[in-house]
Amino acid sequence: MISLLFVMLSALSFSQTYHRYGTLENDLRLLEKTYPTVASVSVAGTSVEGRNLSVITLSRNKTAPALFIVGGIHARERIASELPFLVAKKLLETNSSLLDTHTVHILPIMNPDGVEYDYSGAGKMSWRKNRRSLGGGAFGVDLNRNFGFGWSNEGASDAPFSDVYKGTAPFSEPETRAVRDFINSHPEIKIVVNYHSFGEQVFFPWGSKYSPIKDEAKLKRHQLIAETVAKLTSYTPMQASAPGLVTGDICDWTFGEKGITCLGIELDPREHIHYGHYLPENEIENVFRRNWESILYLVTEAKNVP
Ligand SMILES: [Zn+2]
């Protein structure tokens, strides 16, 4: 009894610190080594500075309908890469049988160069974009404005110093090309979720226009999934353009080009005054617990999505 309790508690241990690029690479490989029959790590591409975009795939049947979780698009949003890593760890530790009939692909850090830069200096550089050198002292393309659907001026910036600089062309960045190519080469992906912080919101397309999705069935599907996630997390669901237009984001491309259901989720906190992007590490467990049920729902819901 005591030993069983010990096993259960240790299975529920949480990170004490946020992962950076190096520790994440190590820990993904460790998961692969610990669970070799169900976990495998692949490299979807490399960043501008040559770091791996490592994806861990959890499945015993890789043709099973898949959820693709993308984290760490924006460097300073640390909880948005920690949650995806913890999802991989906890699915393997506690819900492994789910992976007989479902597939989960997880890319915890899509922007490793930005993440490493964000930790430089005093360790909180408030950096968002990748680390593309643009000349004249400007750096970085906003990867969530660089996808090739509705890529335009409105809802993004063509000024290199802007935090929402869209790049010189759609998919000009290796990080967005890697995600595009990964989705293109995995037809079993039925739902894509990208995590951000902060705001406690659940977004669905469109971001690039104010009008709703025209196809009634596809609109209803997005609304239902967003509302269910929102109910399970106590976040707020809305169309992605509700706070203002966003063009070139991952979800508009994923849905607009591929027809795949896609959500963008802004994690805790709700407001900037509560830590903003730099959620304290002792909050990691709370955010995980708040989101866990919604993730199990998304994993299984992938099977119900056409
Ligand atoms: Zn973000």
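Read-outs: derived from the displayed coordinates by stated rules, not from any lab. Keep in mind that what you see is a predicted model, and the values were worked out from it rather than measured. Using ideal geometry, Cβ is built from the backbone for each residue, glycine included, and neighbour counts are taken over all protein chains shown.
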Per the charge dipole of the chain (beta-carbon charges, Lys/Arg positive, Asp/Glu negative, Cα centre), the residue among TYR275, HIS102, LEU224 reaching farthest to the positive end is HIS102
If you find the alpha carbon centre of region 36-80 and of region 90-138, how far apart are they in angstrom?
9 Å
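Expressed as a fraction of 2.2 N^0.38 Å, the rule-of-thumb size for a compact globular protein of N residues, what is the C-alpha radius of gyration of region 20-301? Walk me through the numbers before you get to the answer.
Details: Rg = 17.4 Å, N = 282, 2.2 N^0.38 = 18.8 Å.
The reported ratio for this selection is 0.93.
In the chain, what % of DSSP beta bridges are antiparallel (nearest 5)?
On the way: 14 of 36 bridges.
Expressed as a percentage, antiparallel bridges in the chain total about 40.
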Under unit Cβ charges (Lys, Arg +1; Asp, Glu -1), what dipole magnitude, rounded to 20 debye, does the chain have relative to its Cα centre?
420 debye
Report the far tail of the P(r) of region 92-140, meaning the percent of Cα-Cα pairs longer than 16 Å.
58 percent
Trypsin sites (Lys or Arg not before Pro) in region 58-157 lying in a DSSP loop, each with at most 16 other Cβ atoms within 10 Å of its Cβ, come to ARG60, LYS62, LYS124
Return the sequence-ordered ³J(HN,Hα) values of region 91-108 in whole Hz as given by the Karplus equation 6.51 cos²θ - 1.76 cosθ + 1.60 applied to θ = phi - 60°, using x for Gly and Pro.
4, 5, 6, 10, 10, 4, 5, 4, 7, 6, 10, 9, 10, 10, 9, 10, 10, x
